[in-house]
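Asks: One structure is given below, represented as structure tokens, and several questions about it will come after.
The values are calculated or read from the model by the stated rules, or taken from the named source; none is laboratory data. None of the values given here were measured: they were computed from a predicted structure. A quick note on method: Cβ atoms are made from the backbone with ideal geometry, for glycine too, and the neighbour counts reach across all protein chains shown.
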There are 2 protein chains.
Amino acid sequence: MFDPVEKLKEFVRHPSISADSKFKAGMTGAREFVAGLLTSIGFVVEVVPTDLHPIILAHRSGPAHWPHVIIYGHYDVQPADPLNLWQSAAFEPEIRGKRIYGRGTADNKGPLMTHIAAVGRLLERRPDLPLRITFLIEGEEEIGSPSFPKFLHSYRDRLKADFVYLSDTGIPNEDQVVFTCGLRGLVLFDVEITCARSDLHSGLHGGVLRNPIQAVSELCASLHTPDGRVNIPGFYDDVLDVEPWEREQLAGLGTDMEKYRQFLGIPAFHTPPGYTPFEAVRFLPTLEFNGIGGGYQGEGTKTVIPSKAFVKISCRLVPNQSPAKMRELLYRTVRERVPADVTLRIVDQHEGTPYVVVPPGRSNTPKDQSPVLARAFRSADKAVAEVFGRPPLYLREGGSVPIIADIKRILGLDSLMMGLFLPDDNLHAPNESFHLGVMEKGMRASERILEGLASGA
Amino acid sequence: MFDPVEKLKEFVRHPSISADSKFKAGMTGAREFVAGLLTSIGFVVEVVPTDLHPIILAHRSGPAHWPHVIIYGHYDVQPADPLNLWQSAAFEPEIRGKRIYGRGTADNKGPLMTHIAAVGRLLERRPDLPLRITFLIEGEEEIGSPSFPKFLHSYRDRLKADFVYLSDTGIPNEDQVVFTCGLRGLVLFDVEITCARSDLHSGLHGGVLRNPIQAVSELCASLHTPDGRVNIPGFYDDVLDVEPWEREQLAGLGTDMEKYRQFLGIPAFHTPPGYTPFEAVRFLPTLEFNGIGGGYQGEGTKTVIPSKAFVKISCRLVPNQSPAKMRELLYRTVRERVPADVTLRIVDQHEGTPYVVVPPGRSNTPKDQSPVLARAFRSADKAVAEVFGRPPLYLREGGSVPIIADIKRILGLDSLMMGLFLPDDNLHAPNESFHLGVMEKGMRASERILEGLASGA
């Protein structure tokens, strides 16, 4: 078996920045590196072209009655700027203390290497393991996976499996693994309001017409109640109830409100009543203003009544809210609340479906849950408890990972998301690193998870 | 006497763009041209250096009991871009039909030439006219007259006079002269609201803290009532009552609401109750939003909770509102209406005092009005009626001309503002022009106004 840390260094040395076409060689290098590594542990590797960066598909086939797991990861990384803030070069991996530093070490090359090494070790030890494994490793995750849904549709038949397994989420500390069981969805749109046909002199015409900044402000101000809830009738109708076991799991995280408040740099939280900040961010939908603009924005002054103003709105959705239904409710509300004598334009932006997967044996576990998925969860629970010395937590998260909902929607598969990166791994930032202790325990846990899954076949 | 139209052409040929240092030669040329012209009609000319563009001061002295009028004008012009939209070159004056085309023809070289020519003719005819005249012609009007207040302070003793006479305002058509009797003032400031210490991911943190765009929107939305009034107790306390004669004068303007609505390109006016749009713009103060900004403003989306948002606010003030007092009221209101748990920063911007001068014989004419000013108004009324065939109108305007309030504040002088440019003169735009019929009648009227003023001495 290869040395996982040495191989991770090699992987990180390929500057695979998907957002920047100058790094095409880095993308190709990283892809060829992964393909070679998977070939070396016995996989049949296929590189699937897309409109942009090819997807690596690697199979370990077997009889149809063997369980089939798809292991997801991505070989692309974020840009490394600002380069001058790195203590060691972004693409020259360096081990300092318990950590390996370099762009992509935590997101996602380290966690992906963890699983490739686990599979390598496992298959070396048990070459006859009754488990079908497909690695699905894309190169566009950091730019929003634009080619991914089309690929899933085209390869639907080849991707019939029991579930998807991945590590692209976080854990609170090196001893506490978290399985992410829910993600928020998204609906995004812009509201543009036009009043006069052009910008007007505020002296010559001020006081006779509507100002679009005022109209946009009145709309925005109407969308929340003073206590922090979204002020749209029906907004919370489809929100999945929080089960007591979910609050218990969250309590196990040992969250510290005061530390979180200091991290945000705010004097006080502003959370809907009945929810702690840690609950609100996981269990409630939001309506946020991501940007607003109109009129003069420079230094000093310009005495203009602008013709136009806009606001960019995003809603995080939770299970079981539907992006299409929420979009309709939101647009209807905006239309009702904007004065009739202005010109309103609503611009669609993208959306994402919220996602939830409930581990077996919980109050709200679906009756028809796949037995292979249930077995994977049980195997994961046991393996993590043994290796990390503490049982994992099962938590929904506030963020959105659209590919997870895409996989559910297009392939019908749930995902087992084992967190591996730590809060201080500096993802997307200078001095990104991955904890080598977590990597080693992650490999051992992943090896046991897959072995446990297979042993039940 | 010189030919006023030929001299105007010569004046316009100097590209005196005060905003652009590349046009220094044009500024010098225009200044020397005016100085030469004033010398040629018998004035003692002095060029007063300032931090930027010198001011021309030209005197016709006389005994202290002669009335003393200061005629104000400016020799600088707006930039001429976009040059490709000009039918004839901006600085190659051309006569087409009844108009002379070129940058500065209407603002302010044509009206200024009108008065210089009127004075020239008058003094040629009556070399012993008992009238002291001072021309005060600045070169920074189009960039906000930054050197002007300092100059007024320094030259206070040399500028003791009875009133100021100028033409830098408009008239509705070539037969109807308007004397501007009031201007709105200004108070400008920015409001900045900061919540979190940096921009935050709206998935990871959405739903737990205040969004500064929301806080700014709630502030903005609170500042008006649905019927279009400013929603600040005390905002209208010092507003000067509109006298019935003012509404009558305005009615004489023959304003057309429907045409105005179409010009603005709005489906309906939004004017405080009890005021027509034409009244509101002249007689009421406003609170306008000139610009708003925060978060992401580009194409597409960025799911961020911004750290900061701002709005730029300007209030037009009317007599007798004090900028300092209004600023205090506005800041107190903002502080009261912004939630306590955000960081508020109010940034002072500039201000201007509103101005009003009441012609003699009106219901609200001050008892202590200067007899020379009163005589000037009467002379102007008679001269305009005779020359234009229709009595002038006396109207307050919605715009602000800070130098008029500066002159009142620093020199204690009122201004007689005779409008001469037409709505289609394209001030500050391509194809600026000045109507030669208005110019000729303006010269005759101005000559009679000054003669009438002197004859009463």
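Asks: When you scan the range B:58-75, how many residues do you find that are crowded, with 22+ Cβ neighbours inside 10 Å and in a loop (DSSP other than H, G, I, E, B)?
Replies: Going through the range B:58-75 one residue at a time, the tally reaches 2.
Asks: Does A:SER363 fit the bill of being in contact with a Lys or Arg (Cβ under 8 Å, 6 or more places away or on another chain) and outside any strand (DSSP E or B)? Please lay out each step first, then the result.
Replies: Values: in contact with a Lys or Arg (Cβ under 8 Å, 6 or more places away or on another chain): no; outside any strand (DSSP E or B): yes.
Here the answer is no, as A:SER363 does not meet what is asked.
Asks: While we're looking at this one, here's another question. Quick one: in the range A:299-340, of everything that is among the small types (Gly, Ala, Ser) and buried (at least 23 other Cβ atoms within 10 Å of the Cβ), which residue is farthest from A:LEU223 (Cα to Cα)?
Replies: The selected residue is A:ALA309.
Asks: Follow-up question, since we're still on this one. Can you confirm whether A:PRO339 is outside any strand (DSSP E or B) and facing chain B (nearest Cβ under 10 Å)?
Replies: Against the criterion (outside any strand (DSSP E or B) and facing chain B (nearest Cβ under 10 Å)), A:PRO339 qualifies.
Asks: Something else now. For the range A:443-453, indicate whether the set of residues that are assigned by TED's automatic domain parsing to the domain that holds A:LEU136, farther than 23 Å from A:LEU250 by Cα and hydroxyl-bearing (Ser, Thr, Tyr) is non-empty.
Replies: Within the range A:443-453, one or more residues are assigned by TED's automatic domain parsing to the domain that holds A:LEU136, farther than 23 Å from A:LEU250 by Cα and hydroxyl-bearing (Ser, Thr, Tyr).
Asks: While we're on this one: Among the numbered criteria (1) surrounded by fewer than 16 Cβ atoms within 10 Å (Cβ to Cβ); (2) in a loop (DSSP other than H, G, I, E, B); (3) not assigned by TED's automatic domain parsing to the domain that holds A:LYS312, which single criterion is violated by A:HIS270?
Replies: For A:HIS270, the failing item is (1).
Asks: Further question on the same structure: Among the residues of the range B:192-202, count how many are in contact with a Leu (Cβ under 8 Å, 6 or more places away or on another chain) and surrounded by 23 or more Cβ atoms within 10 Å (Cβ to Cβ).
Replies: Adding up the residues that qualify gives 3.
Asks: So, one more: Return the residues of the range B:40-57 that are over 24 Å from the mean Cα position of the chain (by Cα), touching a residue at least 24 places away in the same chain (Cβ under 8 Å) and outside any helix (DSSP H, G or I); say none if nothing qualifies.
Replies: Listed by number, the residues that qualify are B:ILE41, B:GLY42, B:PHE43.
Asks: Could you check the range A:213-258 and list, in sequence order, the residues that are part of a loop (DSSP other than H, G, I, E, B), at the interface with chain B (Cβ under 10 Å from one of its Cβ atoms) and among the hydrophobic types (A, V, I, L, M, F, W, C)?
Replies: Residue satisfying the conditions is A:LEU223 alone.
Asks: Of all residues in the range B:119-169, which are of a type in the set (Ser, Thr, Tyr) and farther than 26 Å from B:SER21 by Cβ? Step through it out loud before you land on a result.
Replies: Residues of the range B:119-169 that are of a type in the set (Ser, Thr, Tyr), as a first pass: B:134, B:145, B:147, B:154-155, B:165, B:167, B:169.
Once the filter is applied, which keeps residues that are of a type in the set (Ser, Thr, Tyr) and farther than 26 Å from B:SER21 by Cβ, the range B:119-169 yields B:THR134, B:TYR165, B:SER167, B:THR169.
Asks: Then there's this: Kindly provide the set of residues from the range B:294-327 that are more than 8 Å from chain A (Cβ to nearest Cβ), under 16 Å from B:VAL230 (Cα atoms) and assigned to a strand (DSSP E or B), ordered by number.
Replies: Hits for the range B:294-327 are B:ILE313, B:CYS315, B:LEU317.
Asks: Identify all residues within the range A:83-94 that are over 27 Å from the mean Cα position of the chain (by Cα) and in contact (Cβ under 8 Å) with a residue 12 or more places away in the chain; write none if there are none.
Replies: Passing the criteria: A:GLN87, A:SER88.
Asks: I'm checking my understanding of the structure. Among residues of the range B:58-82 that are under 22 Å from the mean Cα position of the chain (by Cα) and of a type in the set (A, V, I, L, M, F, W, C), which one is nearest to B:THR105 (Cα to Cα)?
Replies: B:VAL77
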